[in-house]
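Working notes for the structure below.
The values are calculated or read from the model by the stated rules, or taken from the named source; none is laboratory data. The structure displayed is predicted, hence computed values, not measured ones. Don't worry about glycine lacking a Cβ; one is built from the backbone with ideal geometry, like all the others, and counts go over all protein chains shown. Calculation scope for accessible area: heavy atoms of the full protein, side chains included, ligands and nucleic acids excluded. Shrake-Rupley method; radii C 1.70, N 1.55, O 1.52, S 1.80 Å.
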Amino acid sequence: MSVGAVRGWVQAARRILVLSGAGMSAESGVPTFRDAQTGLWANFRPEDLATEDAFRRNPQQVWDWYAMRREAIAQVQPNAGHLAIARFQQAHPGRLTVATQNVDGLHQRAGSPGVLALHGNIAEDRWLETPRSCCRSDPPLPGHPPRCATCGNLRRPAVVWFGEMLPVAVLAAAEHAAREADVVLVVGTSGVVYPAAGLARMAPAQARVVVINPHASDLDDAAREVLRGTAATVLPALLD
Ligand code: APR
């Protein structure tokens with residue numbers, strides 16, 4: 001099937017869900033996780049950096065790794081794929097919902113409204129322990145990580161780590177969008193991390209699930225169509 005035929009599905013759809021993963025931001029220069037050469041997990045072990053245990057064991061190492069990623073992401077720009085999605089949303093309010101596994105904020109910076117950030121946002125942090133009045137009143141002491149000057153509560157990146165629950169309301173909204181979708185565009189994800197990947201399997205039977213990925217993914221079998229291309233080239237062809 002050609003991009004043109006899939007474009008017909010998209011243009012005729014009443015409700016579209018875009019489920020994006022790290023490949024959505026690859027052409028912005030943000031490394032993916034599982035690419036054998038350049039992936040973040042090729043050079044770091046997730047259990048050493050992306051779990052609460054890792055943070056409690058070595059708060060400075062984890063905080064500094066996220067600070068380094070935060071710095072790098074602040075330098076990059078949304079790519080043509082992010083911008084095509086945002087343009088479509090602005091031209092057709094309410095027809096397209098973005099649910100992203102990415103924490104880079106690039107959909108938001110491209111102008112997409114109502115982005116469902118399933119795994120949080122790397123630009124934000126929050127308290128590790130339930131904050132007390134002292135945490136809320138006193139400014140945190142600067143440090144790696146910052147901490148409450150009174151009780152020592154630590155700040156942590158506001159991202160979802162392995163083994164943690166996704167934000168309940170965000171996941172519920174994404175599941176609702178998946179169940180209502182006529183078209184689901186699954187862009188730039190290996191499809192190996194649940195519950196996010198499961199959204200691609202929640203669409204109604206008559207919905208058209210389209211995978212956009214230059215390589216094979218674990219969600220190819222859920223797709224009515226697989227477009228072997230990149231986010232920044234395929235999405236403008238489908239959405240503009
Ligand atoms: N356009 C589209 N897809 C691309 C591009 C591109 N330019 N470049 C790479 N890809 C694809 C890869 O082929 C791969 O299938 O993007 C996918 C990236 O997969 P992962 O690195 O596994 O990233 P993702 O699927 O988002 O990981 C899910 O795992 O580590 C956790 O929380 C982290 O949100 C992340 C989750």
ask   = Where in region 1-92 are there chymotrypsin sites (Phe, Trp or Tyr not before Pro) that are in a DSSP coil and have at most 16 other Cβ atoms within 10 angstrom of their Cβ?
value = F44
query = What accessible area per residue, rounded to a whole number of Å², is obtained for the chain using a probe radius of 1.4 Å?
reply = 46
ask   = So how tilted is helix 80-91 from the main axis of the chain? Cα-based, degrees 0 to 90, rounded to 10.
value = 70
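What order do you get for 69-82, 207-220 when each peptide is scored by the mean count of other beta carbon atoms within 10 Å, highest first? List each step's numbers first, then the result.
Values: 69-82: 17.9, 207-220: 20.0.
The densest-packed peptide leads the list: 207-220, 69-82.
When the dipole is taken about the Cα centre of the chain, and only Lys, Arg (+1) and Asp, Glu (-1) are charged at their Cβ, what size is it in debye, to the nearest 20? Don't skip to the answer; put the middle values down first.
Values: 23 positive and 22 negative charges, 91 e Å.
The dipole magnitude comes to about 440 debye.
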query = In Å and whole numbers, how far do the C-alpha atoms of the chain stretch along each principal axis, longest first?
reply = 60, 38, 30
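Restricting to DSSP H runs of at least four residues, report the calculated mean residue ellipticity at 222 nm for the chain, -39500 (n - 2.57) per run over all residues, nearest 500 deg cm²/dmol.
Working: 10 runs with 84 residues, N = 240.
Helix contribution divided over all residues of the chain: -9500 deg cm²/dmol.
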message = With a 1.4 Å probe and all protein chains kept in place, how do M68, M24, M202, M165 rank by accessible area, largest first?
response = M165, M68, M202, M24
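Can you tell me the order of 140-146, 155-161, 169-175 when each peptide is scored by its average per-residue count of other Cβ atoms within 10 angstrom, highest first? Spell out each step's value before the answer.
Working: 140-146: 14.1, 155-161: 20.1, 169-175: 16.6.
Answer by packing, highest mean first, reads 155-161, 169-175, 140-146.
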Extension gain (nm, one decimal) between V168 and A205, 0.36 nm per residue minus Cα-Cα = 10.8 nm
query = What angle do you read, to the nearest 10 degrees and between 0 and 90, between the alpha-carbon axis of helix 3-12 and the longest principal axis of the chain?
reply = 80
ask   = If you bin every alpha carbon distance in region 43-94 into 5 Å steps from zero, what whole percent lands in each bin?
value = 4, 17, 16, 14, 10, 10, 11, 11, 6, 1
